[in-house]
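*Asks:* What follows is a structure written as structure tokens; I'll ask about it next.
The values are calculated or read from the model by the stated rules, or taken from the named source; none is laboratory data. Here the structure is a predicted model, which is why all the values come from computation and not from measurement. Neighbour counts run over all protein chains shown; Cβ positions are idealised from the backbone, glycine included.
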Amino acid sequence: MALTFPANWGQGAREGLVVEFQRSNESVWVGNFAPGLGGIDEVLAHPNGADVLVVSSGDLWRVNPRTQDAIWLASAVFGSWVISGPPRLVFSDQDVAFLCVGAEALLWATPRISWDGFRGIQVDHEVLRGEAWSPVDDNWSFFRVKLADGSVVGGSYTGPEMTWDLEDLKRKLV
């Protein structure tokens, strides 16, 4: 039987993103992750080398394959990028901002960069760049994010700042 995440979601034999995990003793178990409201499906090694990050239709989960525990982290993940040296993962959060996860915790989160979506995302070892949509101007605006600290230049968003519960997310990622 697959373990369902969240635990009460699996009533009624629903199927989401099904992932098989292997423990260090070679035994396996299966997780069935409820789909989010929209976004990517992806399974990624956590930069800590022990955990796994699962994205099911945009819902991001941190999974400990040894204990079979999963913690929900975020919703509406529309993209992910693996960064090396040091290993990190960058996620497009709600398609308007970015989060960066390192081996120890959340490293940074950008402020809101786009009104509604990104395109042309490119990543090198120092910078993530692309264009952010603005319905106000009916135009795409260039932006870049410094991968070392999440600082942003450019973008299209000019409204009030988004509020993040970064401390809660940091606790969930440790």
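*Asks:* Output the residues belonging to segment 84-116 that are in contact with a Pro (Cβ under 7 Å, 6 or more places away or on another chain) and assigned to a strand (DSSP E or B). Before the answer, list the steps.
*Replies:* The initial filter retains those residues of segment 84-116 that are in contact with a Pro (Cβ under 7 Å, 6 or more places away or on another chain), namely 87-89, 97, 101-103, 115-116.
Hits for segment 84-116 are ARG88, LEU89, ALA97, VAL101.
Listed here are the residues, each with its yes/no results for (1) free of Cβ contacts under 8 Å to residues at least 60 places away in the same chain; (2) within 18 Å of PRO47 (Cα to Cα); (3) of a type outside the set (Ser, Thr, Tyr); (4) buried (at least 19 other Cβ atoms within 10 Å of the Cβ).
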| site | (1), (2), (3), (4) |
| --- | --- |
| GLY85 | yes, yes, yes, no |
| VAL90 | yes, yes, yes, yes |
| PHE98 | yes, yes, yes, yes |
| HIS125 | yes, yes, yes, no |
| PRO135 | yes, no, yes, no |
| LYS146 | yes, no, yes, no |
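*Asks:* Take segment 124-133 and flag every residue that is at pLDDT 95 or above and either part of a loop (DSSP other than H, G, I, E, B) or not aromatic (Phe, Trp, Tyr) (or both). First the steps, then the outcome.
*Replies:* So in segment 124-133, the residues at pLDDT 95 or above come out as 127-133.
Hits for segment 124-133 are VAL127, LEU128, ARG129, GLY130, GLU131, ALA132.
*Asks:* Find the residue count for segment 1-18, including only residues that are free of Cβ contacts under 8 Å to residues at least 40 places away in the same chain and either closer than 12 Å to ASP69 by Cα or under 20 Å from the mean Cα position of the chain (by Cα) (or both). Working first, answer last.
*Replies:* Initial filter on segment 1-18 (free of Cβ contacts under 8 Å to residues at least 40 places away in the same chain): 1-2, 4, 7-15, 18.
Cutting the leftovers down to either closer than 12 Å to ASP69 by Cα or under 20 Å from the mean Cα position of the chain (by Cα) (or both) gives us 4, 7, 18.
Count: 3.
*Asks:* Now for a different question. At least 1 residues that are basic (Lys, Arg) and in contact with a helix residue (DSSP H, G or I) (Cβ under 8 Å, 6 or more places away or on another chain) in each: list the strands (runs of 3 or more DSSP E) lying fully within segment 1-83 that qualify. Give the steps one after another, and end with the answer.
*Replies:* Working: elements: 3-5, 17-22, 28-33, 42-45, 52-56, 59-64, 69-74, 77-83.
Once the strands (runs of 3 or more DSSP E) in segment 1-83 are filtered for at least 1 residues that are basic (Lys, Arg) and in contact with a helix residue (DSSP H, G or I) (Cβ under 8 Å, 6 or more places away or on another chain), what remains is 59-64.
*Asks:* Please determine, by comparing only the residues of segment 36-51 that are surrounded by fewer than 18 Cβ atoms within 10 Å (Cβ to Cβ) and touching a Leu at 6+ places or on another chain (Cβ under 7 Å), which one is nearest to THR4 (Cα to Cα).
*Replies:* Looking at residues that are surrounded by fewer than 18 Cβ atoms within 10 Å (Cβ to Cβ) and touching a Leu at 6+ places or on another chain (Cβ under 7 Å), I get ASP41.
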